[in-house]
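Take a look at the following structure, please.
Please treat every number below as a calculation from the coordinates, not as lab data. Everything numeric here is computed off the predicted structure, so don't read it as measured data. We place every Cβ from the backbone using ideal geometry, glycine too, and count neighbours over all the protein chains shown.
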Amino acid sequence: MEIRASKRIQSLSGYPFAEIDRMASELRIGGFDPIDFGVGDPTEPTPDIVRKAVQAGVDARASAGYPSYVGDRSFRAAVAAWMEQRFNVRLDPETEVCATIGSKEAVFNFPNAILDPGDVVLCPSPGYPPYNRGTLFAGGEPWYYPVTMENGFLPNLDALPAEVLARARMIWVNYPNSPSGTVAPDDFWPALIEWAHSHRLIIGSDEAYTEVWFNRPPKSILEFGRDGIIVFQSLSKRSNMTCHRVGWVCGDPRLVSLFKKLKTNIDSGTATFIQDGAVAALSDQAHVDAMREVYRAKRDILIPALRDVGCVVPDSEATLYLWPKVPEGMDGLEFATRLLSRDVAIVCTPGAALGEPLADGTSPGRFHARFALVPSVEDCCRAAERIRKAFGRI
Ligand SMILES: Cc1ncc(COP(=O)(O)O)c(C=O)c1O
């Protein structure tokens, strides 16, 4: 029998850097153990306190049945308490918080709750792929705004064309920003909210990285307003819980309510024993402080090496990523390929893989590469030495 993929699945571009993958696996097969800065998946263990709470939850909830679609009351209350303590934002756990199976499902699915065919969603480029993929699957049209060094990695709201804004329903923003590591300045938020209200746009604020910061704790958009705003939070990076799949949405109760309605039709909620682990994670700050210091150490090892070989590297105020502009005379793909040679054996992601082309066909990430600071501190030291050697700086 012939199997035919849907037009939508067929229309999705494949992974554009198959060549990088091929070279990395060739290195592994050849016995070279590449230092892998590719995927932003923390390699430090999930904290003990979280693992213990999950284990206890499995037994305590032996006959608990399906989880709550929207999250157990204990989880929603813990989220509300944490949001108040961290951001001084008071939320009603009944109407303004809903559990998610990690941010990815929520980011991908949310547009289904608000889009009609042909509606436009403004997405950052480079940016997290589910912003645009979720829009496409909901029948909407992504429109990409550039997030580049030239504009301080912030959207240039005044540059968005009026005809696009007339059809737009929503804008995605992501601060602290992946991949650039930028923390939005405080005056960005009220300006964004005022602008979005004037164009009747919903704001989806992806705040997955608010806890991975180095200088000052980033703000949440909810410190500046709630009307028409929905925040997507996650414990994946704060508490090394990528495997557990737990996060939440919060904000304008009308948007949270639409999300809940959507969610009851899509999935059956986050496992309740995982929510027990999340409650334990939210009650503890020590592991978060320790996590930050590890990323800071890695950042401080790698940035000087990248600068020594001619990269322009923003200081990375937050997140687990570095986003160097690669040395003059090469693009991100050439730089990544050079690092993948046998004598260097380092994997990073060429920037063009992380961004969709803009309306004029240019790719904002083309001259960048992304380093996810997930190898150990020791491996970061080895990588720094290899990078310097590769470009004749030792
Ligand atoms: C910008 C951004 N948002 C959201 C997520 C989703 O995280 P999760 O689905 O693990 O909660 C990620 C994961 O890497 C991300 O980079």
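Under a plain spin-label model, where a point goes 7 Å from the Cα along Cα-to-Cβ, how far apart in nm are Ile266 and Glu328?
4.7
To continue, here is another question. Assign unit charges at the C-beta atoms only (+1 for Lys and Arg, -1 for Asp and Glu), then state the dipole size of the range 8-115 relative to its Cα centre in Debye, rounded to the nearest 20.
320
Right, next: Please list, in order along the range 116-125, the HN-Hα scalar couplings obtained from phi with the Karplus expression 6.51 cos²θ - 1.76 cosθ + 1.60 (θ = phi - 60°), rounded to whole Hz, x for Gly and Pro.
Calculated HN-Hα couplings, in order: 10, x, x, 5, 9, 10, 8, 10, x, 9 Hz.
Another question about this same structure. Only Cα pairs within less than 10 Å get springs; with that Gaussian network setup on the chain, which residue of Glu163, Glu317, Glu84 has the largest fluctuation?
Residue with maximal mean-square fluctuation among Glu163, Glu317, Glu84: Glu163.
Less than 14 Å Cβ to Cβ from Ala359, Lys/Arg counted +1 and Asp/Glu -1: what total charge do the surrounding residues give? Walk me through the intermediate numbers first.
On the way: positive: Arg167; negative: Glu141, Glu163, Glu356, Asp360.
Summing Lys/Arg as +1 and Asp/Glu as -1 gives -3.
Here is a follow-up. Below 8 Å between Cα atoms, with a sequence gap of 6+, how large is the relative contact order for the range 207-268 in percent?
Values: 67 pairs, mean separation 17.9, N = 62.
Relative contact order for the range 207-268 comes out at 29 percent.
Find the all-direction average of the projected area of the Cα convex hull for the chain, expressing the result in square nanometres with one decimal place. All intermediate terms of the calculation are to be shown ahead of the outcome.
Values: hull surface 84.8 nm².
So the mean shadow area of the Cα hull is 21.2 nm².
Something else: Gaussian network model of the chain, Cα springs within a sub-10 Å range: biggest mean-square fluctuation belongs to which of Gly251, Gly127, Gly228?
Gly228
While we're here: Mind listing the phi-derived Karplus ³J(HN,Hα) values for the range 340-355, rounded to whole Hz, using 6.51, -1.76 and 1.60 with θ = phi - 60°, and x for any glycine or proline?
The phi angles translate into 8, 5, 4, 6, 10, 6, 10, 9, 9, 9, x, x, 4, 5, 9, x Hz.
What list of ³J(HN,Hα) couplings, whole Hz, do you get for the range 218-229 from phi and the Karplus terms 6.51, -1.76, 1.60, once you set θ to phi - 60° and write x for glycine and proline?
Result, ordered by residue: x, 8, 9, 4, 5, 6, 10, x, 9, 4, x, 10 Hz.
While we're on this one: Place a point 7 Å from Cα of Ala159 in the direction of its Cβ. Which residues in the range 350-394 have their backbone N less than 13 Å from it?
358-365
Here's a follow-up. Express the relative contact order of the chain as a whole percentage, based on alpha carbon pairs under 8 Å and six or more residues apart in sequence.
24
A further question on this structure: Just how many pairs of Lys in the chain have C-alpha atoms closer than 20 Å, counting pairs that are eight or more places apart or on different chains?
Taking the chain as the scope, the lysine pair count is 10.
Also, quick follow-up: Considering Cα pairs under 8 angstrom that are at least six residues apart, work out the relative contact order of the range 48-282 and quote it in whole percent.
That works out to 31 percent.
Out of residues 5 or more away from Asp36 or on other chains, whose amide H comes under 5 Å of its own, with H placed 1.01 Å from N in the peptide plane?
Under 5 Å from the amide H of Asp36: Val347.
For Asn88 and Ser6, FRET efficiency with R0 = 56 Å and r from the beta-carbon atoms, rounded to 0.05?
Efficiency, rounded to the nearest 0.05: 0.75.
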